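The values are calculated or read from the model by the stated rules, or taken from the named source; none is laboratory data. The structure presented is a predicted model; accordingly, all values stated were derived computationally and were not measured. No Cβ is skipped: glycine too gets one built from the backbone with ideal geometry, and neighbour counts run over all protein chains shown. Remember, those area values only see protein heavy atoms, side chains included, never the ligands or the DNA or RNA. Shrake-Rupley method; radii C 1.70, N 1.55, O 1.52, S 1.80 Å.
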Amino acid sequence: MRHAVAPAQNVETNSFAVTSLLKICSHCERRSKKDLGVRIPRPLGNGPSRFIPEKEILQVSKVDTRTQSIFEDAFAALGRLDNISLVMGFHPQYLESFLRTQHYLLQMDGPLPLHYRHYIGIMAAARHQCSYLVNLHVNDFLQVGGDLKWLNGLDEAPQKLQQLGELNKILAHRPWLLTKEHIERFLKAEEHSWSLAELIHAVVLLTHYHSLASFTFGCGIMPEIHCDGGHTFRPPSLSQYCVCDIANGNSHATHHDNLFGNQEVNGEVEVLMERMKQLQECRDDEEASQEEMATRFEREKTESMLVVTAEEEECVPSRDISRHFEDPSYGYKDFSRRGEHVPTFRVQDYSWEDHGFSLVNRLYPDVGQMLDEKFQMAYNLTYNTMATHKDVDTSMLRRAIWNYIHCMFGIRYDDYDYGEINQLLDRSFKIYIKTMVCSPEKTTKRMYESFWRQFQHSEKVHVNLLLMEARMQAELLYALRAITRYMT
């Protein structure tokens with residue numbers, strides 16, 4: 001367990017103080033080098049995110065005392081305030097639930113030793129080439145006494161952890177392929193076997209970090225200045241603003257809305273609100289038959305396969321990342337490609353609420369409750385606003401996003417009309433969703449900016465929370481169903 005660090009008096013002030021110290025102009029940098037003979041690092045980016053202006057993120061803790069308090073508690077517990085937490089600070093209710101759950105999974109009593117937990121986090125994040133999370137947990141792994149040799153590659157780790165390699169890749173990319181036979185191999189291994197409780201703990205950690213990698217890429221999270229990839233010793237370009245100006249908020253970065261012509265996005269929100277209103281009226285007027293509902297689901301599932309995740313070529317992981325997992329070529333594949341057929345997973349037969357929740361809680365006490373609160377917080381979170389419009393019921397839109405993600409994984413809700421999805425989610429949004437959920441390492445700033453162009457950054461972060469939690473629950477459903485089938 002880490003030693004506690006004294007709470008920061010004012011996290012926001014500290015953030016600005018650090019920023020002011022490190023973002024110095026070229027004149028000051030040259031003078032420092034000349035006078036002191038030291039190399040002074042400079043942040044590679046402006047703030048916690050490549051997608052969201054720094055001022056907007058730091059403004060959150062200035063106006064919201066609850067966010068300020070959560071930041072202070074996180075700093076006291078961990079001795080750091082990472083950029084993920086700063087961006088999640090747009091939604092303090094969710095952030096509180098997220099940090100509580102993550103702290104329990106990593107720090108509190110549980111089936112797995114502390115260094116195993118961080119190593120599993122490294123394995124899961126590496127699966128999506130998320131160097132930000134890998135580096136974070138390499139440091140934590142060593143801090144709790146992890147063996148440095150294990151970081152040379154998965155083949156240097158204990159056999160028990162190596163066994164997780166296949167589960168890691170299936171859950172990350174094709175969770176519908178998981179069977180009770182996979183589970184049996186863990187529990188009945190002659191040597192290095194797992195207990196059910198240990199396996200549940202590992203599954204929750206794997207799904208947590210797969211989905212957190214999605215959030216990290218989806219929000220363009222930048223490494224902190226002290227981390228690999230977070231700093232440079234080169235002076236800033238003379239053609240750009242002085243970095244001291246940037247530190248003082250005089251950056252030339254603008255809100256993403258301004259990057260696109262106003263004509264192109266004018267009325268986007270109003271069109272979406274009108275569609276929501278019309279769909280609600282259709283709901284009230286008539287209800288589709290079960291056969292029609294099933295047909296609409298299959299149609300949406302098939303169409304989701306045709307959504308291309310990204311235009312770039314395949315991302316080849318670096319050796320630093322790929323050594324932490326097996327089979328780098330294994331990735332997301334659509335259900336029916338090359339004739340592969342996956343039966344629909346009906347939530348009516350196996351759901352988180354009726355089955356998964358109790359299984360997790362029984363084998364890893366309190367975690368089921370924490371996960372449930374986190375899922376519900378993301379799903380139900382609303383400020384009843386859409387861009388500049390107030391008093392808007394967004395439940396229909398939130399449900400469409402959540403159910404579309406589950407649809408991509410073959411998961412069907414019998415009581416949902418999947419015809420609503422095409423009415424509410426346009427193609428650019430679907431591309432962003434599929435990329436962030438299935439191949440997050442391919443997410444680009446252009447994708448982030450191309451959907452919901454009139455919406456606030458805080459609303460887009462909320463979307464990313466929905467995507468993260470829906471993805472985690474989808475993976476968990478497949479894993480927990482396989483475990484339940486093994487047990488029965």
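Quick one: which residues, 5+ away or cross-chain, put their amide H under 5 Å from the amide H of THR385? H built at 1.01 Å from N.
VAL392
At a probe radius of 1.4 Å, what is the per-residue accessible area of GLU420, in Å² to the nearest 10?
Answer for GLU420: close to 10 Å² accessible.
When you take every Cα atom in the stretch 73-219, what is the radius of gyration, and what is Dmax, the widest Cα pair distance, in Å?
My reading of the Cα-based Rg and Dmax gives 15.4, 49 Å.
How long are the semi-axes of the ellipsoid equivalent to the stretch 401-458, from square roots of 5 times the Cα gyration tensor eigenvalues, in whole Å, largest first?
Equivalent ellipsoid semi-axes, largest first: 22, 15, 8 Å.
Could you order peptides 85-91, 218-224, 276-282, 367-373 by the average number of other Cβ atoms within 10 Å of their residues, highest first?
Per-residue mean Cβ counts within 10 Å order the peptides as 85-91, 218-224, 367-373, 276-282.
Using amide H atoms built in the peptide plane, which far-off residues or other-chain residues are under 5 Å from ARG412 H to H?
Amide H to amide H, under 5 Å and 5 or more residues apart or across chains, ARG412 pairs with PHE345, ARG346, VAL347.
Semi-axes of the equivalent ellipsoid for the stretch 392-488, please: Cα gyration tensor eigenvalues, times 5, square-rooted, ordered largest first, whole Å.
26, 16, 11
Rounded to the nearest whole Å³, what is the per residue volume of the convex hull around the Cα atoms of the stretch 72-125?
94 Å³
Please list the three semi-axes, largest first and in whole Å, of the ellipsoid equivalent to the stretch 438-488, using sqrt of 5 times the eigenvalues of its alpha carbon gyration tensor.
33, 12, 6
Enumerate the calculated ³J(HN,Hα) couplings along the stretch 188-196 in order (Karplus 6.51 cos²θ - 1.76 cosθ + 1.60, θ = phi - 60°), each rounded to whole Hz, writing x wherever the residue is Gly or Pro.
10, 5, 4, 10, 6, 6, 9, 7, 4
Quick one: Karplus J couplings for the stretch 457-466, per residue in order, coefficients 6.51, -1.76, 1.60, θ = phi - 60°, nearest Hz, x for Gly and Pro?
4, 4, 6, 5, 4, 4, 4, 5, 5, 4
Return the Cα extents of the stretch 151-222 along principal axes one, two and three, sorted largest first, each rounded to a whole Å.
Ordered largest first, the stretch 151-222 gives principal extents of 44, 31, 19 Å.
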